[in-house]
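Presented below is the structure to which this report refers.
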Amino acid sequence: MRYNRQILLHDFDVAGQERLQRSRVLVVGLGGLGCPAALYLAAAGVGELLLADGDDVELSNLQRQIAHGDDDIGTNKAQSVAAAIGALNHEVKLEVIPRALVEDSMPELVEKVDLVVDTTDNYPVRFALNRACIAARVPLVSGAAVRTEGQVAVFDPVRGGPCYRCLYASDDAATALSCSESGVLAPLVGVIGSLQAMEALKLLSGFGETLRGKLLLLDLRTMDIRQLTLPPRAGCPDCAHLHP
Ligand SMILES: [Zn+2]
(Lines give C-alpha, C1' and ligand atoms only; values in the text may rest on other atoms or scores of the structure.)
Protein backbone atom coordinates (compact mmCIF):
# COMPACT_ATOMS: atom_id res chain seq x y z
CA MET A 1 0.00 0.00 0.00
CA ARG A 2 2.77 2.43 0.92
CA TYR A 3 4.30 2.35 -2.57
CA ASN A 4 1.08 1.83 -4.52
CA ARG A 5 1.24 5.15 -6.40
CA GLN A 6 4.60 4.40 -7.97
CA ILE A 7 3.91 0.69 -8.54
CA LEU A 8 0.95 1.88 -10.66
CA LEU A 9 3.44 3.19 -13.24
CA HIS A 10 3.59 0.44 -15.84
CA ASP A 11 7.32 0.54 -16.50
CA PHE A 12 8.04 0.74 -12.79
CA ASP A 13 5.71 -1.85 -11.32
CA VAL A 14 6.45 -4.28 -8.48
CA ALA A 15 9.76 -5.22 -10.08
CA GLY A 16 10.98 -1.61 -9.91
CA GLN A 17 9.89 -1.36 -6.28
CA GLU A 18 11.73 -4.56 -5.41
CA ARG A 19 14.86 -3.22 -7.07
CA LEU A 20 14.63 -0.06 -4.93
CA GLN A 21 14.16 -2.16 -1.80
CA ARG A 22 17.36 -4.10 -2.57
CA SER A 23 19.35 -0.89 -3.20
CA ARG A 24 21.87 0.93 -1.09
CA VAL A 25 22.62 4.61 -1.72
CA LEU A 26 25.27 6.93 -0.29
CA VAL A 27 24.16 10.58 0.06
CA VAL A 28 27.11 12.90 0.64
CA GLY A 29 26.08 16.28 2.10
CA LEU A 30 22.80 16.74 4.02
CA GLY A 31 22.28 20.43 3.26
CA GLY A 32 19.96 22.13 0.79
CA LEU A 33 20.23 19.44 -1.89
CA GLY A 34 20.76 16.46 0.40
CA CYS A 35 17.66 17.11 2.54
CA PRO A 36 15.08 16.71 -0.26
CA ALA A 37 17.16 14.07 -2.08
CA ALA A 38 17.43 11.85 1.02
CA LEU A 39 13.78 12.39 2.04
CA TYR A 40 12.47 11.39 -1.39
CA LEU A 41 14.75 8.36 -1.63
CA ALA A 42 13.50 7.24 1.79
CA ALA A 43 9.85 7.95 1.04
CA ALA A 44 10.12 6.03 -2.26
CA GLY A 45 11.43 2.94 -0.47
CA VAL A 46 15.16 2.70 -1.17
CA GLY A 47 16.29 -0.14 1.08
CA GLU A 48 19.28 1.44 2.75
CA LEU A 49 20.67 4.98 2.91
CA LEU A 50 24.15 5.95 4.07
CA LEU A 51 24.08 9.61 5.13
CA ALA A 52 27.39 11.49 5.36
CA ASP A 53 27.96 15.03 6.62
CA GLY A 54 30.43 16.46 9.13
CA ASP A 55 28.62 19.76 9.77
CA ASP A 56 26.13 20.74 12.44
CA VAL A 57 22.82 22.47 11.69
CA GLU A 58 23.00 26.29 11.93
CA LEU A 59 20.23 28.88 12.02
CA SER A 60 21.08 30.17 8.52
CA ASN A 61 20.53 26.63 7.10
CA LEU A 62 16.86 26.48 8.03
CA GLN A 63 15.72 28.78 5.21
CA ARG A 64 16.30 25.94 2.70
CA GLN A 65 17.49 22.71 4.39
CA ILE A 66 14.02 21.40 4.98
CA ALA A 67 14.74 18.18 6.88
CA HIS A 68 16.20 20.25 9.75
CA GLY A 69 14.18 22.35 12.20
CA ASP A 70 14.72 24.81 15.04
CA ASP A 71 15.31 22.01 17.54
CA ASP A 72 18.09 20.51 15.38
CA ILE A 73 20.43 23.52 15.63
CA GLY A 74 23.76 22.21 16.89
CA THR A 75 22.96 18.62 15.85
CA ASN A 76 25.02 16.89 13.18
CA LYS A 77 23.23 17.20 9.81
CA ALA A 78 23.41 13.49 8.95
CA GLN A 79 22.00 12.67 12.39
CA SER A 80 19.23 15.24 11.94
CA VAL A 81 18.19 13.87 8.53
CA ALA A 82 18.31 10.31 9.90
CA ALA A 83 15.83 11.36 12.60
CA ALA A 84 13.54 12.93 9.97
CA ILE A 85 13.69 9.75 7.85
CA GLY A 86 13.06 7.61 10.93
CA ALA A 87 9.78 9.46 11.41
CA LEU A 88 8.93 9.20 7.70
CA ASN A 89 9.59 5.54 6.88
CA HIS A 90 10.61 2.87 9.40
CA GLU A 91 11.42 0.41 6.62
CA VAL A 92 14.54 2.25 5.46
CA LYS A 93 17.81 1.05 6.98
CA LEU A 94 20.09 3.96 7.85
CA GLU A 95 23.79 4.37 8.44
CA VAL A 96 24.84 7.76 9.80
CA ILE A 97 28.36 8.93 8.95
CA PRO A 98 28.69 12.09 11.07
CA ARG A 99 31.98 13.30 9.59
CA ALA A 100 33.34 14.98 6.47
CA LEU A 101 34.44 12.34 3.95
CA VAL A 102 38.08 12.37 2.97
CA GLU A 103 39.42 10.63 -0.12
CA ASP A 104 41.01 7.76 1.85
CA SER A 105 37.69 6.79 3.43
CA MET A 106 35.65 6.89 0.22
CA PRO A 107 36.52 3.58 -1.56
CA GLU A 108 35.32 1.48 1.37
CA LEU A 109 31.96 3.32 1.46
CA VAL A 110 31.43 3.61 -2.29
CA GLU A 111 32.17 -0.08 -2.89
CA LYS A 112 29.24 -1.15 -0.73
CA VAL A 113 26.57 0.99 -2.45
CA ASP A 114 24.75 0.85 -5.78
CA LEU A 115 24.78 4.59 -6.36
CA VAL A 116 26.17 7.84 -4.93
CA VAL A 117 24.26 11.12 -4.73
CA ASP A 118 26.67 14.06 -4.56
CA THR A 119 24.93 16.88 -2.70
CA THR A 120 28.06 18.60 -1.39
CA ASP A 121 29.23 22.12 -2.17
CA ASN A 122 32.89 21.24 -1.91
CA TYR A 123 35.06 20.75 -5.00
CA PRO A 124 37.82 18.57 -3.51
CA VAL A 125 35.13 16.20 -2.17
CA ARG A 126 33.34 16.19 -5.54
CA PHE A 127 36.52 15.29 -7.44
CA ALA A 128 37.43 12.59 -4.92
CA LEU A 129 33.91 11.10 -5.04
CA ASN A 130 34.12 11.04 -8.83
CA ARG A 131 37.35 9.03 -8.67
CA ALA A 132 35.95 6.63 -6.06
CA CYS A 133 32.79 6.06 -8.12
CA ILE A 134 34.76 5.31 -11.30
CA ALA A 135 37.00 2.86 -9.41
CA ALA A 136 33.97 1.10 -7.89
CA ARG A 137 31.95 1.29 -11.17
CA VAL A 138 29.14 3.07 -9.33
CA PRO A 139 26.98 5.81 -10.96
CA LEU A 140 27.25 9.32 -9.51
CA VAL A 141 24.24 11.67 -9.49
CA SER A 142 25.64 15.16 -9.26
CA GLY A 143 23.84 18.41 -8.44
CA ALA A 144 24.77 22.01 -7.73
CA ALA A 145 22.79 25.13 -6.90
CA VAL A 146 23.54 28.77 -6.19
CA ARG A 147 21.52 32.01 -6.47
CA THR A 148 18.70 30.87 -8.81
CA GLU A 149 20.83 28.61 -11.00
CA GLY A 150 21.31 24.89 -10.77
CA GLN A 151 22.59 21.88 -12.65
CA VAL A 152 22.05 18.13 -12.54
CA ALA A 153 24.01 15.36 -14.25
CA VAL A 154 24.55 11.61 -14.09
CA PHE A 155 28.17 10.54 -14.37
CA ASP A 156 28.64 6.89 -15.17
CA PRO A 157 31.61 6.71 -17.55
CA VAL A 158 31.98 2.96 -17.09
CA ARG A 159 28.67 2.60 -19.00
CA GLY A 160 29.23 5.58 -21.32
CA GLY A 161 29.48 9.37 -21.25
CA PRO A 162 31.77 11.69 -19.33
CA CYS A 163 32.79 11.81 -15.68
CA TYR A 164 32.56 14.85 -13.38
CA ARG A 165 36.21 15.67 -14.00
CA CYS A 166 35.59 15.86 -17.78
CA LEU A 167 33.64 19.08 -17.09
CA TYR A 168 36.48 20.81 -15.29
CA ALA A 169 39.93 20.93 -16.82
CA SER A 170 41.56 22.04 -13.57
CA ASP A 171 40.53 21.49 -9.98
CA ASP A 172 40.71 25.20 -9.24
CA ALA A 173 38.26 25.58 -6.38
CA ALA A 174 38.82 29.35 -6.27
CA THR A 175 36.22 29.88 -9.00
CA ALA A 176 33.50 28.00 -7.12
CA LEU A 177 30.52 30.05 -5.98
CA SER A 178 29.04 29.24 -2.62
CA CYS A 179 25.58 29.88 -1.21
CA SER A 180 27.14 31.55 1.84
CA GLU A 181 28.76 34.18 -0.39
CA SER A 182 26.35 34.42 -3.33
CA GLY A 183 22.99 33.62 -1.77
CA VAL A 184 20.31 31.16 -2.86
CA LEU A 185 16.54 31.26 -3.16
CA ALA A 186 15.16 28.36 -1.13
CA PRO A 187 13.02 26.37 -3.62
CA LEU A 188 15.97 26.11 -6.03
CA VAL A 189 17.70 23.55 -3.80
CA GLY A 190 14.39 21.67 -3.49
CA VAL A 191 14.12 21.47 -7.28
CA ILE A 192 17.71 20.34 -7.81
CA GLY A 193 17.75 17.88 -4.89
CA SER A 194 14.42 16.40 -6.06
CA LEU A 195 15.75 15.99 -9.61
CA GLN A 196 18.76 14.17 -8.16
CA ALA A 197 16.41 11.81 -6.28
CA MET A 198 14.47 11.26 -9.51
CA GLU A 199 17.61 10.34 -11.45
CA ALA A 200 18.71 8.02 -8.63
CA LEU A 201 15.33 6.25 -8.57
CA LYS A 202 15.47 5.79 -12.37
CA LEU A 203 19.00 4.39 -12.28
CA LEU A 204 18.18 2.00 -9.44
CA SER A 205 14.85 0.76 -10.83
CA GLY A 206 15.66 0.79 -14.55
CA PHE A 207 12.68 3.08 -15.17
CA GLY A 208 12.69 5.82 -17.82
CA GLU A 209 15.67 7.58 -19.38
CA THR A 210 18.39 9.09 -17.25
CA LEU A 211 20.63 12.12 -17.78
CA ARG A 212 23.67 9.89 -18.39
CA GLY A 213 25.94 11.84 -20.77
CA LYS A 214 23.89 15.02 -20.39
CA LEU A 215 23.96 18.13 -18.24
CA LEU A 216 20.67 19.75 -17.25
CA LEU A 217 20.99 23.49 -16.63
CA LEU A 218 18.22 25.49 -14.96
CA ASP A 219 17.84 29.16 -14.15
CA LEU A 220 14.70 29.58 -12.08
CA ARG A 221 14.93 33.37 -12.31
CA THR A 222 13.76 33.11 -15.93
CA MET A 223 12.69 29.43 -15.99
CA ASP A 224 15.25 28.86 -18.72
CA ILE A 225 15.90 25.09 -18.75
CA ARG A 226 18.41 23.51 -21.12
CA GLN A 227 20.01 20.13 -21.70
CA LEU A 228 23.53 19.81 -23.07
CA THR A 229 25.05 16.60 -24.38
CA LEU A 230 28.48 16.10 -22.88
CA PRO A 231 31.09 14.00 -24.61
CA PRO A 232 33.90 12.46 -22.54
CA ARG A 233 36.94 14.76 -22.55
CA ALA A 234 40.02 13.39 -24.33
CA GLY A 235 42.85 13.05 -21.85
CA CYS A 236 40.64 13.31 -18.76
CA PRO A 237 42.92 12.24 -15.90
CA ASP A 238 40.14 10.27 -14.20
CA CYS A 239 38.28 8.47 -16.98
CA ALA A 240 40.41 8.55 -20.17
CA HIS A 241 41.32 4.88 -19.57
CA LEU A 242 37.65 4.02 -20.17
CA HIS A 243 37.47 5.61 -23.64
CA PRO A 244 40.86 5.10 -25.31
ZN1 LIG B 1 36.43 12.12 -17.23
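Observations on the model:
- Set Gly213, Gly208: member being on the phi > 0 side of the Ramachandran plot and within 13 Å of the ligand (Cβ to nearest atom): Gly213
- Within the stretch 208-228, tally of residues that are closer than 19 Å to Asn130 by Cβ and either among the small types (Gly, Ala, Ser) or open to solvent by 90 Å² or more (accessible area, probe 1.4 Å) (or both): 1
- Some residue of the stretch 159-172 being away from the ligand (no atom under 15 Å from the Cβ), in contact with a strand residue (DSSP E or B) (Cβ under 6 Å, 6 or more places away or on another chain) and not β-branched (Val, Ile, Thr): no
- Selection within the stretch 124-139 - part of a helix (DSSP H, G or I) and within 15 Å of the ligand (Cβ to nearest atom): Arg126, Phe127, Ala128, Leu129, Asn130, Arg131, Ala132, Cys133, Ile134, Ala135
- Some residue of the stretch 52-72 being open to solvent by 40 Å² or more (accessible area, probe 1.4 Å), within 16 Å of the ligand (Cβ to nearest atom), touching a residue at least 60 places away in the same chain (Cβ under 8 Å) and farther than 22 Å from Gln6 by Cβ: no
- So Ala100, is it open to solvent by 60 Å² or more (accessible area, probe 1.4 Å) and more than 30 Å from Ala186 (Cβ to Cβ): no
- The condition of being more than 16 Å from the ligand (Cβ to nearest atom), surrounded by 17 or more Cβ atoms within 10 Å (Cβ to Cβ), of a type in the set (Gly, Ala, Ser) and within 20 Å of the chain's Cα centre (by Cα) holds for Gly193.
- Where helices (runs of 4 or more DSSP H) fall wholly inside the stretch 140-244, the ranges with 1 or more residues that are among the aliphatic types (A, V, I, L, M) and without any contact (Cβ under 8 Å) to a residue 60 or more places away in the chain are 186-205.
- Unmet criterion (only one of (1) in contact with a Ser or Thr (Cβ under 7 Å, 6 or more places away or on another chain); (2) within 30 Å of Leu220 (Cβ to Cβ)) for Phe127: (1)
- Helices (runs of 4 or more DSSP H) contained in the stretch 12-121 and holding at least 1 residues of a type outside the set (Lys, Arg) and in contact with a strand residue (DSSP E or B) (Cβ under 9 Å, 6 or more places away or on another chain): 34-44, 77-88, 106-111
The values are calculated or read from the model by the stated rules, or taken from the named source; none is laboratory data. These numbers were taken from a predicted model, which means no experiment stands behind them. Quick reminder, even Gly has a Cβ in these numbers, built from the backbone with ideal geometry, and neighbours come from all protein chains shown. Note: accessible area is taken over every heavy atom of the protein model, side chains too, but ligands, DNA and RNA are not part of it. Shrake-Rupley method; radii C 1.70, N 1.55, O 1.52, S 1.80 Å.
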